[in-house]
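Q: Structure incoming, see below.
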């Protein structure tokens with residue numbers, strides 16, 4: 001059919017015979033894409049008198065927004081907190097591999113590490129906005145020391161970039177620590193923990209170096225001067241998350257009032273819920289949250305980090321705040337055995353990961369799609385709710401829901417085709433297929 | 001006139017859809033010769049549209065060489081408002097079929113010069129060679145399109161202020177809030193529809209029964225504008241049993257008997 005589109009000549013793709021997640025429910029609607037964005041077909045029809053150039057039959061698949069993982073420490077043998085010579089190719093590998101799990105955007109997470117892992121050395125080139133082409137150079141001096149666990153530079157090698165066939169997009173780094181509680185360090189190395197009671201935000205800046213590509217910082221709000229730090233971070237558009245903490249509810253509420261909006265892996269590495277002081281968990285039903293704000297909370301729904309009953313309690317108490325995260329470690333995607341996580345060694349056995357020789361949980365090896373399915377099964381929630389917990393909610397947390405996390409018109413066309421069992425069949429970024437399940441053809 | 005009486009809404013919708021489908025197929029439209037169809041909105045034709053979409057999806061009916069002209073559109077309602085007739089036509093019909101967007105004509109209720117918009121619409125119909133089949137409905141006050149009681153039976157496409165009856169009937173689409181219902185609309189005239197080579201009026205439901213009675217058993221009267229079609233050479237009224245409730249038994253029997 002002749003199409004004389006007045007706005008653009010770019011090809012228009014119409015995905016038909018599918019159920020799309022829009023307006024919080026699965027609707028029998030076609031999905032239209034042009035120039036990497038979701039297109040409004042009614043506007044196309046009436047304003048441009050345009051029509052589709054390509055029609056694809058999705059064989060009754062579910063189409064959902066791509067998953068966004070805001071807490072992932074590595075995978076496939078790559079550890080984001082470990083400085084190596086080929087860190088860049090490590091992050092590229094993970095971003096490429098997680099496409100098959102349905103993740104189209106993520107925040108590479110750095111656990112508590114020595115300052116050298118964070119620091120930006122003065123000779124560094126600034127990050128190129130297009131990412132791939134802006135390879136950060138490791139200055140000669142540091143290169144010589146590469147291979148030692150304590151030295152080398154990691155954080156500056158993480159740059160914000162769009163996703164594509166090369167892999168999922170990077171939204172920025174999630175710095176989990178070192179400003180966390182000793183009592184709730186979990187698998188984080190104690191010798192690297194720090195406080196900012198001397199210089200508050202300046203201390204934080206000194207530790208991290210630059211905050212250019214930092215998207216989320218997890219800290220313990222009971223630490224002295226945390227309010228100032230939280231305010232400064234929030235002012236810079238960085239999401240502050242509470243975690244690895246022994247804060248009581250008032251301390252947590254104060255942190256929220258100063259700008260904190262997230263809780264790192266609810267229940268894990270914090271005081272347990274107590275009926276006279278619910279601690280951080282109490283934020284889910286707190287009445288001291290500033291008007292118009294919502295507290296989000298990460299949940300590792302791998303069936304191990306949280307008992308399904310606890311998952312259900314959290315979900316029922318505050319369904320709109322639940323954000324599924326993998327907290328995946330380097331061992332994700334690898335065979336059982338020993339692997340590194342930051343400065344520590346961990347042991348994998350099935351979906352369980354412990355600090356080697358102990359029973360302390362340390363991250364998970366569940367993939368995001370496993371988490372989505374497990375969440376849906378454990379809570380009995382609707383497919384829509386399960387999918388939104390991994391897409392819409394993390395997008396809302398990061399304030400990017402106008403372009404990610406939904407299939408609304410003009411959003412980035414990052415989406416997944418799933419079957420009814422919520423297994424990912426194909427992954428699309430900016431409207432282009434970047435991964436497909438081999439077994440089933442389309 | 002033909003009066004075709006089907007048992008219920010679904011059967012009436014199917015009959016009407018089949019009739020339209022057959023008309024298009026028999027016409028054998030092609031690149032140089034389009035079939036022109038006049039189209040209504042509202043709850044009555046929804047079943048008919050669903051059936052037409054079904055025939056299209058089955059591969060039996062293509063709208064590639066069909067031009068459509070809708071009867072009316074609200075004035076001042078944004079085009080993408082869920083209750084605009086543009087939205088109605090997109091969601092209930094156009095998005096499911098293969099019509100060329102250049103051939104789907106709906107009056108623009110937000111045009112800067114409304115009368116010029118109406119005149120241009122009449123011209124487009126003329127340029128398309130006139131309407132082969134105009135499908136319409138009937139309001140509870142006997143109006144066709146928005147030709148409210150008192151509209152001239154020889155009227156053309158123009159701006160009309162809506163009658164209270166119509167506003168009340170439409171309130172259900174605007175959360176029951178009368179203040180939200182548009183008060184003006186652009187509409188084809190009675191004369192415009194009378195110019196069509198064939199006219200099919202869909203009337204279903206007991207609430208339309210009195211209007212049907214006035215339209216076909218009483219005289220031609222500008223207070224019941226559908227009555228004008230008594231003077232059209234080729235009009236079919238398609239209705240369900242409930243819509244015949246105010247007709248004389250004699251009328252109903254006659255038309256049922258002569259129906260194949």
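The values are calculated or read from the model by the stated rules, or taken from the named source; none is laboratory data. Treat the numbers as computed from the prediction; the structure is a model and nothing was measured. Here the Cβ positions follow ideal geometry from the backbone for every residue, glycine too, while neighbour counts run over all protein chains shown.
Q: Please work out which residue is nearest to the chain's Cα centre (by Cα), limiting yourself to region A:353-367 and to residues that are assigned to a strand (DSSP E or B) and farther than 13 Å from residue A:326 by Cα.
A: Ranking the candidates gives A:361 first.
Q: While we're on this one: When residue B:4 is evaluated against the numbered criteria (1) in a helix (DSSP H, G or I); (2) more than 23 Å from residue B:192 (Cα to Cα); (3) touching a strand residue (DSSP E or B) at 6+ places or on another chain (Cβ under 9 Å), which criterion, by number, is the only one it fails?
A: (1)
Q: Another question about this same structure. Quick check on region A:313-327. Is at least one of its residues crowded, with 21+ Cβ neighbours inside 10 Å and without any contact (Cβ under 8 Å) to a residue 40 or more places away in the chain?
A: no
Q: Just the residues that are under 24 Å from the mean Cα position of the chain (by Cα) and surrounded by fewer than 24 Cβ atoms within 10 Å (Cβ to Cβ), please, taken from region A:282-292.
A: A:282, A:284, A:285, A:289, A:292
Q: Still on this structure: Take residues that are within 24 Å of residue A:85 (Cβ to Cβ) and tell me which of the strands (runs of 3 or more DSSP E) falling wholly in region A:145-254 contain 3 or more.
A: Output list reads A:173-176.
Q: Kindly provide the set of residues from region B:201-257 that are outside any helix (DSSP H, G or I) and without any contact (Cβ under 8 Å) to a residue 24 or more places away in the chain, ordered by number.
A: B:218, B:219, B:221, B:233
Q: Same structure, new question: Restricting the search to region B:180-197, which residues are assigned to a loop (DSSP other than H, G, I, E, B) and either out of contact with any strand residue (DSSP E or B) (no Cβ under 6 Å at 6 or more places or on another chain) or surrounded by fewer than 18 Cβ atoms within 10 Å (Cβ to Cβ) (or both)?
A: Within region B:180-197, B:181, B:183, B:188, B:189, B:195, B:197 meet the criteria.
Q: How about region A:332-347: which of its residues are within 22 Å of residue A:244 (Cα to Cα) and without any contact (Cβ under 8 Å) to a residue 60 or more places away in the chain?
A: A:345, A:347
Q: Here's another thing I want to ask about it. Being within 14 Å of chain A (Cβ to nearest Cβ) and within 28 Å of residue A:17 (Cβ to Cβ) is the requirement here; does residue B:51 meet it?
A: No.
Q: If the requirement is being more than 24 Å from residue A:118 (Cβ to Cβ) and surrounded by fewer than 21 Cβ atoms within 10 Å (Cβ to Cβ), which of these qualifies: A:254, A:232?
A: Among A:254, A:232, only A:254 is more than 24 Å from residue A:118 (Cβ to Cβ) and surrounded by fewer than 21 Cβ atoms within 10 Å (Cβ to Cβ).
Q: Name every residue in region A:277-287 that is at pLDDT 95 or above and in a loop (DSSP other than H, G, I, E, B), in order of residue number.
A: A:278, A:286, A:287
Q: Right, another one. Of all residues in region A:64-106, which are part of a loop (DSSP other than H, G, I, E, B) and surrounded by 19 or more Cβ atoms within 10 Å (Cβ to Cβ)?
A: A:66, A:73, A:80, A:81, A:82, A:83, A:102
Q: A further question follows. For the list (1) over 30 Å from residue B:32 (Cα atoms); (2) in contact (Cβ under 8 Å) with a residue 12 or more places away in the chain, I need the number of the one condition that residue B:178 fails.
A: Exception for residue B:178: condition (2).
Q: Step by step: first the residues of region B:80-128, then only those that are farther than 19 Å from residue B:38 by Cβ and more than 12 Å from chain A (Cβ to nearest Cβ), then the one that is surrounded by the fewest Cβ atoms within 10 Å (Cβ to Cβ). Which residue is that?
A: Among residues in region B:80-128 that are farther than 19 Å from residue B:38 by Cβ and more than 12 Å from chain A (Cβ to nearest Cβ), the one surrounded by the fewest Cβ atoms within 10 Å (Cβ to Cβ) is B:112.
Q: Also, quick follow-up: Hey, any hits in region A:89-109 for a residue that's at positive phi and at pLDDT below 95?
A: Looking through region A:89-109, none of the residues is at positive phi and at pLDDT below 95.
Q: Give me the strands (runs of 3 or more DSSP E) completely within region A:395-442, filtered to those with at least 3 residues that are over 18 Å from the mean Cα position of the chain (by Cα) and surrounded by fewer than 23 Cβ atoms within 10 Å (Cβ to Cβ), ordered by residue number.
A: The qualifying strands (runs of 3 or more DSSP E) are A:432-436.
Okay, residues lined up against (1) within 14 Å of another protein chain (Cβ to nearest Cβ); (2) touching a helix residue (DSSP H, G or I) at 6+ places or on another chain (Cβ under 8 Å); (3) surrounded by 18 or more Cβ atoms within 10 Å (Cβ to Cβ); (4) at positive phi:
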| position | (1), (2), (3), (4) |
| --- | --- |
| B:32 | no, no, no, no |
| B:35 | no, yes, yes, no |
| B:57 | yes, yes, no, no |
| B:66 | yes, yes, yes, no |
| B:78 | yes, no, no, no |
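Q: Sticking with this structure for a sec: Is at least one residue of region B:21-29 assigned to a strand (DSSP E or B), under 17 Å from the mean Cα position of the chain (by Cα) and at pLDDT 95 or above?
A: no
Q: May I ask you to say which residue of A:168, A:173, A:200 is within 21 Å of residue A:116 (Cα to Cα), modelled with pLDDT of 90 or more and touching a strand residue (DSSP E or B) at 6+ places or on another chain (Cβ under 7 Å)?
A: Criteria check complete, one pass: A:173.
Q: Now for a separate question. Give B:125, B:138, B:106, B:167 a once-over and let me know the one that is more than 16 Å from the chain's Cα centre (by Cα) and under 29 Å from residue B:12 (Cβ atoms).
A: B:167
Q: Does region A:345-361 include one or more residues that are buried (at least 18 other Cβ atoms within 10 Å of the Cβ) and in contact with a helix residue (DSSP H, G or I) (Cβ under 8 Å, 6 or more places away or on another chain)?
A: No, region A:345-361 has no match at all.
Q: Of all residues in region B:155-167, which are part of a loop (DSSP other than H, G, I, E, B) and touching a strand residue (DSSP E or B) at 6+ places or on another chain (Cβ under 9 Å)?
A: B:155, B:157, B:162
Q: Working carefully through the options B:174, B:255, find the one that is over 27 Å from residue B:131 (Cβ atoms) and over 15 Å from the mean Cα position of the chain (by Cα).
A: After applying the criteria, what remains is B:174.
Q: Please state which one of B:137, B:142, B:130 is over 21 Å from residue B:204 (Cβ atoms) and either touching a strand residue (DSSP E or B) at 6+ places or on another chain (Cβ under 9 Å) or modelled with pLDDT under 95 (or both).
A: Being over 21 Å from residue B:204 (Cβ atoms) and either touching a strand residue (DSSP E or B) at 6+ places or on another chain (Cβ under 9 Å) or modelled with pLDDT under 95 (or both) holds for just one of B:137, B:142, B:130, which is B:130.
Q: Give, as residue ranges, the strands (runs of 3 or more DSSP E) completely inside region A:1-63 that count at least 2 residues that are more than 10 Å from chain B (Cβ to nearest Cβ) and either at pLDDT below 95 or closer than 22 Å to residue A:164 by Cβ (or both).
A: A:12-22, A:31-34
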